[in-house]
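Worksheet for the structure shown next.
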Amino acid sequence: MRVPAWRRAAAVTAVVLGAAAVASACGDGGEGAAARDAADAPRQTTSTATPTLNPDDFTTTIDNPYLPLEPGTRFTYENAAEDDTEEDTERVVVEVTDRTREVMGITTVVVRDTVTVDGETVRESRDWFAQDSTGNVWYFGEETRELENGEVTSTEGSWEAGEDGAHPGIVMPADPRVGAVYPQENAPGVAEDTAEVLSRDESVEVPYGSFDNVVQTKDYTPLEPDMVEHKYYAEGVGLVLEEEVEGGDDRLELVSVERP
């Protein structure tokens, strides 16, 4: 099932929001205090220790150019691999709310996404993001529900940083340099996601528009070892395209953006 790229990414194994991963995500030098605190935390051979983050280093103003999350913005994506009739379209709607949630003492922005198939809601989630003083966007967890005929069938995939050995991750670096590899989700056995920056000069065309100088990432996870995705982020917009390159042929395209 498709979900937005900044949530369904890729994975590291059960260890690590360690110094190398955070430093790679933030670039050489110039880390903010939050990133420094995480980098100074001891490397873990298990995922039981949570990195220390200073709430004063975070803000709910998320203006990273490759993942801006302004409250009131609504992104709509459609799966181009599906039949293009209205009733058969798989659609993902992502709404940046004006709500907040405190996680690990840090105030995060609540982002709501809804997946529909054949016009029926099959998945809903609430995701929690904040930006550090350097400009890295961090992901702190989600509450998710799978539905069938309007009834909740599963909450599998829900996790919260600081609980049950789960760590926050960086979902978009302030400076996404080619070759950087960074954990996005690290909830052992639930969400273990990693991304690698492949390029910063891709050109992409989707129903919403054409974009140059696009950041391309490779996303993978040990929880789905046969699946690899490429995702594309346009400056000033965010995620514009994600496509399966191994393990499937789905292609989730941005079709509209409504701004406040």
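Starting from region 164-178, keep only residues that are without any contact (Cβ under 8 Å) to a residue 40 or more places away in the chain and within 19 Å of ALA191 (Cβ to Cβ), then list their pairs with residues that are outside any strand (DSSP E or B) and not acidic (Asp, Glu) whose Cβ atoms are within a distance under 9 Å, requiring at least 6 positions of separation or different chains.
Here the result reads ASP164/PRO188; ASP164/VAL190, each pair linking region 164-178 to a residue that is outside any strand (DSSP E or B) and not acidic (Asp, Glu).
Hey, among ASP201, ASP212, which residue is exposed (fewer than 14 other Cβ atoms within 10 Å of the Cβ) and over 26 Å from GLU258 (Cβ atoms)?
From the options ASP201, ASP212, the qualifying one is ASP201.
Looking at VAL245, is it open to solvent by 10 Å² or more (accessible area, probe 1.4 Å) and touching a residue at least 40 places away in the same chain (Cβ under 8 Å)?
Here the answer is no, as VAL245 does not meet what is asked.
Applying the selection to region 105-131, what residues are touching a helix residue (DSSP H, G or I) at 6+ places or on another chain (Cβ under 8 Å) and either modelled with pLDDT of 95 or more or under 21 Å from GLY238 (Cα atoms) (or both)?
GLY105, ILE106, THR107
For region 208-231, name all the residues that are closer than 16 Å to VAL92 by Cα and either in a strand (DSSP E or B) or of a type in the set (S, T, N, Q) (or both).
Residue satisfying the conditions is LYS231 alone.
One line per residue, one yes/no per condition, for (1) modelled with pLDDT of 90 or more; (2) in contact with a Leu (Cβ under 7 Å, 6 or more places away or on another chain); (3) more than 20 Å from ASP63 (Cβ to Cβ):
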{"site": "ILE170", "(1), (2), (3)": "yes, no, no"}
{"site": "ARG177", "(1), (2), (3)": "yes, no, no"}
{"site": "VAL181", "(1), (2), (3)": "yes, no, yes"}
{"site": "ALA191", "(1), (2), (3)": "no, no, yes"}
{"site": "ARG200", "(1), (2), (3)": "yes, no, no"}
{"site": "GLU205", "(1), (2), (3)": "yes, no, yes"}
{"site": "ASN213", "(1), (2), (3)": "yes, no, no"}
{"site": "TYR233", "(1), (2), (3)": "yes, yes, no"}
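The values are calculated or read from the model by the stated rules, or taken from the named source; none is laboratory data. From a predicted model like this one, the values you see are computed outputs, not experimental measurements. Virtual Cβ from ideal backbone geometry, glycine too; neighbours counted across all protein chains shown. To get the accessible areas, we keep the full protein, side chains included, count just its heavy atoms, and leave off ligands, DNA and RNA. Shrake-Rupley method; radii C 1.70, N 1.55, O 1.52, S 1.80 Å.
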